[in-house]
1. Give me the accessible area per residue for the stretch B:565-683, probe 1.4 Å, as a whole number in Å².
2. For the stretch A:3-13, in order, what is each residue's ³J(HN,Hα) by Karplus, 6.51 cos²θ - 1.76 cosθ + 1.60 with θ = phi - 60°, in whole Hz (x at glycine and Pro)?
3. Please sort B:231-240, B:305-314 by packing, taking for each peptide the average over its residues of neighbouring beta carbons within 10 angstrom, highest first.
4. Which pairs in the list B:K99/B:K161; A:K33/B:K272; B:K29/B:K112; B:K29/B:K914; B:K286/B:K473 are over 32 Å apart, alpha-carbon to alpha-carbon?
5. Filter B:K290/B:K327; B:K910/B:K958; B:K258/B:K290 down to the pairs with a C-alpha to C-alpha distance above 21 Å, please.
6. Quick one: which residues, 5 or more positions from B:V146 or on another chain, have an amide H under 5 Å from its amide H? H modelled 1.01 Å from N in the peptide plane, none for Pro or chain starts.
7. Given a Förster radius of 56 Å and the C-beta distance between B:N250 and B:R13 as r, what FRET efficiency does 1/(1 + (r/R0)^6) yield to the nearest 0.05?
8. Could you do me a favour and compute the accessible area per residue for the stretch B:859-961, 1.4 Å probe, result in Å²?
Amino acid sequence: MIHAVLIFNTSGVPRLTKFYTPLRAESQPLLQKIFQLVSTRPASLCNFLDAPELQNLLGSKIGDEVRVVYRNYATLYFVFVVDGAESELGILDLIQVFVECLDRSFENVCELDLVFHFDDVHHILAQVIQGGLVLETNVDVIAQAVDEASLARKTSFLSANPLALGTGSGPRSSTLQTPLNWLTGKLGGIGAR
Amino acid sequence: MNTPYSSSGASSRAHYALVRRVEEARSQKDAETYLRDEVQLMRRRFALSPMSTSDIRVSLIVLIYCLTTSHGSVTRTSLEFAIPSAIHLVEAGSTSAEKRVGYLFCNEAVPKDHGMRLMLINSIRKDLESRRVARMSLALSCIIAVPFAEVVPAVIDLILKATSNSSPRIKALAIKTLTALASVDPDILTQERVAKAIEPRLHDGEEMVAKAALEACIGLSNTFPALNRPTVDHCIGVLRQFSRGKAYSNYSSGYIQKICQTLSVSLDEQSKSSTEVLEMALRTLKTAIKRNNYALGLESIRLISKVPTDISVAYFAPHDEVPTSKKLPHPIDSIKHLLGSQSLNDHYVFLSYLSILPVRLWAGPPEADGGSGVQQTDPTHLPLALSQWEVERIITFMDSSDEQIRRLTLTILTHGSSTLVEKSYEGRLSQLSSSSSSPRAIGAVYGRLLEMADALCCAVEDEAARGRWSATKYSEVCELCKGETVSHEILEHAVRTLRKGKQPISQPFVSNWTLAIMQGKTEGDPLVSPSNLLEDQSSSVDSAPFFIDPNTPASSKFQARALNWTLMLVFVTFVCEHAILLHRDDLKDVVTWLASCLEFYPPTMQEPMILCVIRLIALLDDSTEIGESTTEAIKTCGTNSSSRLFKKYCDTFLSYSNDLDRLKALIDSDATLSIPEVVTKLETSPSNTIAQTTKAAHIPTPSKPPASSTTPLTPSALAQSQLRYAAYDHPKGNANPRVNSFSTLSTSSRRSEASSRHARAGDEHVDLTKTITAGDLALAEASDDDLLTSMSRIAAKPKLAKGKRGGNDPEKEELVKKVDLISLDSPFLSEPIQRAVSSSSRGEGSGATSYASLPETNFDVIWAECEASGNSTRGWLDAPLDNAVLRLQGVGIHIDVISIDDAPFQGELKVLLKADPPESEDSDSIAKVAAVRLRDGEEGSCLWQMRSSDHALLVLVKQALCE
């Protein structure tokens, strides 16, 4: 089971925190510990690490094996905390799927997209993972679902605001600062960090 | 952040402004202040007037941003005020975007057991009844995220209906919802109608639905065994098509992974005995590796490992009836190329595959030694599947720069051939023993040795034997540090390995580990060989070399001696943390032995030892179980010691040794406590001598107010510290973090890592004046790896740290915590502060300073006093409260602002303006004061009232507000 999906920037500021099991205490010590674990690892090391020390901080549902799977893209760390029932190699691929979905939805996604559109990021994540279990891994299907939801939102907004000129909130198309320059098509496979 | 608002995509200008302020904040502290202020602003906004759903949406987005970005100052508890609005948004949101934010807030910011969650049931039901996919999807996702039992009767029929919805997403979510609800109401999976709704979805054309159904079927098969067969048949059918290459493009990799996972879990005996599953898994592995799809490869290997090993061995055996040409390649052959890679991820993939494969399939017969020995024919084992180069390559992974890979390698090699690891361990040990390099220079090698020891221990099944063997290995490594010094490297690695090691810590393990260390290696004792232990797993405790007759008196069982310093610190750390697993007789022995050993060590070593003893006697039933010799030894050591702290610990021991009940009340008998936590527990005791002496500098007394008494305390902290009895139960989610931290620290049964960290952080001040010692080193090691660094930092900069005390907010908070911890029952705490207040209100001494430091306490007094002067006025300001405060700041006089939520005049913002008297005037001059009350009005305006002790000041401030 996936217990947490976290995105940090390289300064340790959380950009997305999603816990699928209730925590024993406040999330801050856990977030700091996880960032410390991940950020201190040189880029040459593998993307997996056992972290039994997180057991006391995570919820009671966590099993014996607590594993952290992460990937570093530009200024962001994508971190998944899973238990022994989950395939860590599958999770590494799932991170890539999630990132590709973000990239496709936001068009050259950057860190600021995650800041200003975190509700959209949560929505995209909900297309991939539900209740700590993987729902869908096909990028095309996920992107289609996100587009449909976006369209539904716009329709819904227009029906609720018939005189509105805009189309409500939604992913912006302009390129903001700090683009992650994700060449997602070239980052497939295990080798990408 | 140079992005303009127009292209930022922010939901509102307020959102954009907040993000900008936070992102550009000079320090984390500033950012936290902005976030906290924003929450306060939102709190006021929510309290004032009803908001439209679009405004609620925007506000909730800002609040979730605050919660996500904050480093602790904004918690879910502090956002409780917005829960009713969020629930309202879920119910009344006119667009799905609004509803989505409402649901998001409820999922992220509302605690699972919050009573308000019941208010969601009606909205969820309505959304499920709607025909809109987006709304149904939101409602189902909400239940999946936080399932609760009360919702089940209201929605179960709707969810079952949703399993046949036309939208694949709704179908998949409905099935997942049923699985999620089963976690709070297991009866759901016993209902036949649920099984009947899910089973047809196994064959759904949409993979998303079929995968959800597969997951649900695994849970359902426990109550409906008949469901297992169709599930397995379906999975085998899909895998057959895929592995034959007929349907590569029909199925996604994720679906086939799920098929393999389901088969690995639910494969029945009949299917297992067939070689078809093995062949399908091998073909799938080959395809997966060819496509660099290592996740699917891993699931294939997992499925191969579920096939009975006899069948696999027979399949790959060279003399099998099946012609070799028709056989599929050995799984190792498909992944060998990963060994040559330079990427550590590839190494990890190879090793994770190897760790799952049964040893008999690849490691060769037991006699095979690293690929170099002569292999004998063994029908139960396949020949070694790796070449000599490949084995050597794997051995090099034991020295990988990645700890994860090192540990995985050791686990695999230990399972395959423990002799290999054992020889490597022995070789390195002897190499280190003869090395002249400094321990610091070769610190990492100790870590490798202990990792090897840990891996070898894991291979020993008998827990008692494992404990003894582990103790032997730790002794050996610690002995590498010669002389009376503490090797930081060994200590760090030892404690970390004991904590993070894979070996389970059980009662027999702890007991035997402890006794083995106490007895030590004596002449003629054969060193336990791991290979011997592995060969003779059934060896009983009686036959072990460390066995000691339980009837032998403790004094003769364990001779007092000077154990290696590093080993002693490892010992007391381990014993203290696992004391609850020790048998009572063992506890007595350890107490006696440690007391008898005290005399051999300096005070820096004695401190952790005596703390360990104090922790252990808290687990004894009766004072009589503490021997007289123990008491005498400690008394003597305390008398002879020059260390003030050690003397106090000895006094603590002596005072509690006659009254164990008092100690038990202080130290939770059932909790796992580290040495720093024991110190914290002892210091929280109001009657404890340690607290009285070490905290003396921090406790305010009525006769001599300490310097810290002038440190401004927040009014809430002051009020809390004065509370001696709870008048009524606080709301469940108390927004005051101070209260939480106190209760966490004082309630040992609710002990958590977070609380222990909190407590340890509090200890730093106590240790500021200390020189770092070996004892500190042990405490730090026992506490946390990070703490060691922080202690070193403290030791390096004690004066700097002391100078900062009271200078910033964290320090103040720390002081507040300390006041709470040490003087809950102290009658002295509030008196100095009260005196300062009364002094200021009478205008005595430095009363002006008191206005600034304790404004909230004085506001009502000042307000009343200014009434007599007759200088009062009021008016409307066509600007919000924030703007009014900015205008008052513009006056150029020092101001103090009191929150709307604080007394007096709750609901109004209070501002005190104080103009210092001219320096030329005599010291008795009284400051000119203006008190302003601001109440938020409609449409961004506010009403202000002002009173002042000075007319000129009144006019000045009025001008600022009327401009």
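1. Roughly 33 Å² per residue, with all protein chains present.
2. Those phi angles translate into 9, 7, 10, 10, 10, 10, 8, 6, 8, x, 7 Hz.
3. Output ranking for B:231-240, B:305-314: B:231-240, B:305-314.
4. In this structure, A:K33/B:K272; B:K286/B:K473 lie more than 32 Å apart at Cα.
5. The pairs that break the limit, which is 21 Å between Cα atoms, do not exist here.
6. Correct list: empty.
7. Computed FRET efficiency for B:N250 and B:R13 comes out at 0.65.
8. So the stretch B:859-961 comes to 52 Å² accessible per residue, rounded to a whole number.
The values are calculated or read from the model by the stated rules, or taken from the named source; none is laboratory data. A quick note: this is a predicted structure, and the numbers were derived from the prediction, not measured. Here the Cβ is made from the backbone with ideal geometry for all residues, glycine too, and neighbour counts use every protein chain on show. Accessible surface areas use protein heavy atoms only, side chains included; no ligands, DNA or RNA. Shrake-Rupley method; radii C 1.70, N 1.55, O 1.52, S 1.80 Å.
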